[in-house]
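Enquirer: Encoded as structure tokens, here's the structure I'll be asking about.
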Amino acid sequence: MSLNEIEDTLFAYNQQHLIQYWKELTEEDQLSLITQLKNINFNNVSNLFQKAQTYIQEGIQKLDDHMKPVPRNKFEAELKLDTKVLEEYFLLGLKEISKGHVGVILLAGGQGSRLGVTYPKGMFPLELPSGKTLFQIQAERIRRIQKLAEERTGKYGKICWFIMTSEENHEPTENYFNKHGYFGLNKEDVILFRQGLLPCFTFDGKIILEDKNRIALAPDGNGGIYKALQKNHIVEHMKKRNIKYVHVHSVDNILVKVADPSFIGYCVKKGADCGAKVIPKENPHDALGVVCEVNGKFQVVEYSEITDKTANLRNEEGELVFSAGSICNHFFTSDFLEKASTVYEKELKPHVAKKKIPYIDESGNRIQPKTPNGVKIEKFIFDVFEYSQNFVTWEVPRNAEFSPLKNCESVHKDCPSTCKRDLLLLHKSYIQKAGGIVKCEELEISPLLSYAGENLESKVKGKVFDKCTVILSDEEVVVNGFKALPL
């Protein structure tokens, strides 16, 4: 595409301001800008902005009159299940893993900006006794569940790990995994792919220039996964590897059970094409979206979209009626993901966030606004729920499965210290259940030894732990030459 052709396109969509500083740019900067412009489908982004404008003008809709809780036949709670049923789900999930039918998609496109760092959140140092990061913990959980599946079924199957990065953090993520040898996973079983970017807009639809040669771009949200799957041929890869079921979760949850066999087994047993793992909301004002039915279709309703009256509704048992808190933890069949990436993605509504976006003014000065001056548009992963033919939910306890890393330490919530605390408290409960005596605050279990509290008795029963300790697997003993090393 020549400069003249680009000029024609820009004029057609009233975006000619994007090249107003063309003559001031070096040849290198001109090439950079023209590359950015070629990568924008102006017809698509123009339509997206118009669609977003509709939602902006409508404002936040209160959905109280249209909401119903998830029906009982679409909902099961792990803690309320008979142990035989739970074991059935667990073993079914392990069998699917052992057959190589399970893949995992990790949503890891965000930077740690709210944490005060400029690198991927999965690399953040959590000051655990082991020194492990979120990336390492999750990689080792995959290795352990593969081994556990083999132990229980007699057959070894690989879990393919798909990691969705962003343009900004793809290279640092790739370098990190290369440096650490993919934490013991085979490189061919770890596939990184980028989510897309969308231009930022002024309130009247002009694409923002953040520098004379650079367009203001932002990631297209975790709902951008569907377009990214198509663009990077990920579902095709899944089909070639005979992957039938996919667990999708965000990188920031330190307690996530990666490729959770109970969740997978439940969804497979119920014949679900789409499922959501949820936690019970602690109170009506818990800042979690709610999985529910709206006009007969499943979706996540944000807490800002319902009134206090509806948020406080309780059933006969005294439980919140709308209590299924969404934690970005989902199950999909690969067939459903194929439809989501080729058909449903086009129908997803855009979500709009008003932001303070740096820009170049008419005089060519770069301005850092003090109030919102534009919008970033994104899509949400859960907005495909309404297209599911058989949607189910699986409730799990918060203290065992959800502790996100979102904020810097000064916020005192969902921050490094709360993640560390919650993981170590969970590990303490595992040790005590296995017969160990815990008299210290920092006792960590390697994910390579135990996925969720199993395989511990021989190492901890009757033992007293009174100093900071990392309990290692036999594999780590061989590699590192020590056992349960006090630090």
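The values are calculated or read from the model by the stated rules, or taken from the named source; none is laboratory data. These numbers were taken from a predicted model, which means no experiment stands behind them. Methodologically, a virtual Cβ is constructed for each residue, glycine included, from the backbone with ideal geometry; neighbour enumeration extends over all protein chains shown.
Enquirer: Within segment 425-483, can you find the residues that are modelled with pLDDT of 95 or more, in a helix (DSSP H, G or I) and within 30 Å of the chain's Cα centre (by Cα)?
Expert: Leu425, Leu426, His427, Lys428, Ser429, Tyr430, Ile431
Enquirer: Of the numbered conditions (1) touching a Gly at 6+ places or on another chain (Cβ under 6 Å); (2) of a type in the set (Asp, Glu); (3) in contact (Cβ under 8 Å) with a residue 40 or more places away in the chain, Glu302 fails exactly one; give the number of that condition.
Expert: In the conditions (1) touching a Gly at 6+ places or on another chain (Cβ under 6 Å); (2) of a type in the set (Asp, Glu); (3) in contact (Cβ under 8 Å) with a residue 40 or more places away in the chain, Glu302 misses (3) alone.
Enquirer: Ok, one more. Scan Arg194, Arg152, Arg144 and give me the residue that is touching a His at 6+ places or on another chain (Cβ under 6 Å) and at pLDDT 95 or above.
Expert: That would be Arg194, the only listed residue that is touching a His at 6+ places or on another chain (Cβ under 6 Å) and at pLDDT 95 or above.
Enquirer: Count, please, the residues in segment 231-262 that happen to be in contact with a His (Cβ under 6 Å, 6 or more places away or on another chain), farther than 17 Å from Ser341 by Cβ and not in a loop (DSSP other than H, G, I, E, B).
Expert: Going through segment 231-262 one residue at a time, the tally reaches 0.
Enquirer: Any idea how many residues of segment 280-335 are aliphatic (A, V, I, L, M) and in a strand (DSSP E or B)?
Expert: 8
Enquirer: Looking at Gly265, is it surrounded by fewer than 18 Cβ atoms within 10 Å (Cβ to Cβ), assigned by TED's automatic domain parsing to the domain that holds Pro358 and either assigned to a helix (DSSP H, G or I) or not hydrophobic (A, V, I, L, M, F, W, C) (or both)?
Expert: In short, no.
Enquirer: So, one more: How many residues does segment 388-402 contain that are farther than 30 Å from Leu424 by Cβ and either free of Cβ contacts under 8 Å to residues at least 24 places away in the same chain or part of a loop (DSSP other than H, G, I, E, B) (or both)?
Expert: Result for segment 388-402: 3.
Enquirer: Could you tell me whether any residue of segment 74-86 is surrounded by 15 or more Cβ atoms within 10 Å (Cβ to Cβ), out of contact with any strand residue (DSSP E or B) (no Cβ under 8 Å at 6 or more places or on another chain), among the basic types (Lys, Arg) and within 22 Å of Ala400 (Cβ to Cβ)?
Expert: no
Enquirer: Another question, then. Out of Gly109, Gly103, report the one residue that is surrounded by 20 or more Cβ atoms within 10 Å (Cβ to Cβ), at pLDDT below 95 and among the small types (Gly, Ala, Ser).
Expert: Just one listed residue meets the conditions, Gly109.
Enquirer: Looking at Glu168, Glu174, which is the one that is part of a helix (DSSP H, G or I), of a type in the set (Asp, Glu) and in the same structural domain as Leu229 (by TED's automatic domain parsing)?
Expert: Glu174
Enquirer: Looking at (1) within 25 Å of Asn365 (Cβ to Cβ); (2) touching a Leu at 6+ places or on another chain (Cβ under 6 Å), which one does Asn222 not meet, given that it meets all the others?
Expert: Against the list (1) within 25 Å of Asn365 (Cβ to Cβ); (2) touching a Leu at 6+ places or on another chain (Cβ under 6 Å), Asn222 comes up short only on (1).
Enquirer: Go through segment 436-447 and report how many residues are closer than 19 Å to Ala149 by Cβ and either surrounded by fewer than 21 Cβ atoms within 10 Å (Cβ to Cβ) or touching a Pro at 6+ places or on another chain (Cβ under 6 Å) (or both).
Expert: Number of matching residues: 1.
Enquirer: Given the conditions (1) over 19 Å from Lys406 (Cβ atoms); (2) hydroxyl-bearing (Ser, Thr, Tyr); (3) at pLDDT 95 or above, report the number of the one that Ser326 does not fulfil.
Expert: Here Ser326 clears every test but (1).
For (1) touching a helix residue (DSSP H, G or I) at 6+ places or on another chain (Cβ under 6 Å); (2) of a type in the set (Asp, Glu); (3) at pLDDT 95 or above, each residue gets a yes or a no:
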| residue | (1), (2), (3) |
| --- | --- |
| Asn242 | no, no, yes |
| Ser250 | no, no, yes |
| Val256 | no, no, yes |
| Tyr266 | yes, no, yes |
| Asn283 | no, no, no |
| Glu302 | no, yes, no |
| Ile306 | yes, no, no |
| Asp335 | no, yes, yes |
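Enquirer: Identify all residues within segment 183-194 that are crowded, with 17+ Cβ neighbours inside 10 Å and assigned to a helix (DSSP H, G or I); write none if there are none.
Expert: Phe183
Enquirer: Just need a number here: residues in segment 89-140 that are among the hydroxyl-bearing types (Ser, Thr, Tyr) and assigned to a helix (DSSP H, G or I).
Expert: 3
Enquirer: How about segment 366-387: which of its residues are hydrophobic (A, V, I, L, M, F, W, C) and either under 20 Å from Asn222 (Cα atoms) or crowded, with 18+ Cβ neighbours inside 10 Å (or both)?
Expert: Val375, Ile377, Phe380, Ile381, Phe382, Val384, Phe385
Enquirer: Moving on to the next point. Considering only residues of segment 152-165 that are buried (at least 22 other Cβ atoms within 10 Å of the Cβ) and of a type outside the set (Val, Ile, Thr), which is farthest from Ile215 (Cα to Cα)?
Expert: Result: Cys160.
Enquirer: Quick check, is Lys95 crowded, with 18+ Cβ neighbours inside 10 Å, among the basic types (Lys, Arg) and assigned by TED's automatic domain parsing to the domain that holds Glu319?
Expert: yes
Enquirer: Residue by residue through segment 355-387, note down the ones that are charged (D, E, K, R) and without any contact (Cβ under 8 Å) to a residue 24 or more places away in the chain.
Expert: Listed by number, the residues that qualify are Lys356, Asp361, Glu362, Lys370.
Enquirer: Hey, could you check segment 336-369 for residues that are farther than 30 Å from Glu24 by Cβ and part of a loop (DSSP other than H, G, I, E, B) and say which is farthest from the chain's Cα centre (by Cα)?
Expert: So, considering only residues that are farther than 30 Å from Glu24 by Cβ and part of a loop (DSSP other than H, G, I, E, B), the one farthest from the chain's Cα centre (by Cα) is Val343.
Enquirer: Look at Gln53 and say whether it is within 21 Å of Arg214 (Cβ to Cβ) and either assigned to a helix (DSSP H, G or I) or modelled with pLDDT of 90 or more (or both).
Expert: When the stated conditions are applied, Gln53 does not pass them.
Enquirer: Looking at the structure I just gave you, is Leu48 more than 23 Å from Lys379 (Cβ to Cβ), part of a helix (DSSP H, G or I) and among the aliphatic types (A, V, I, L, M)?
Expert: no
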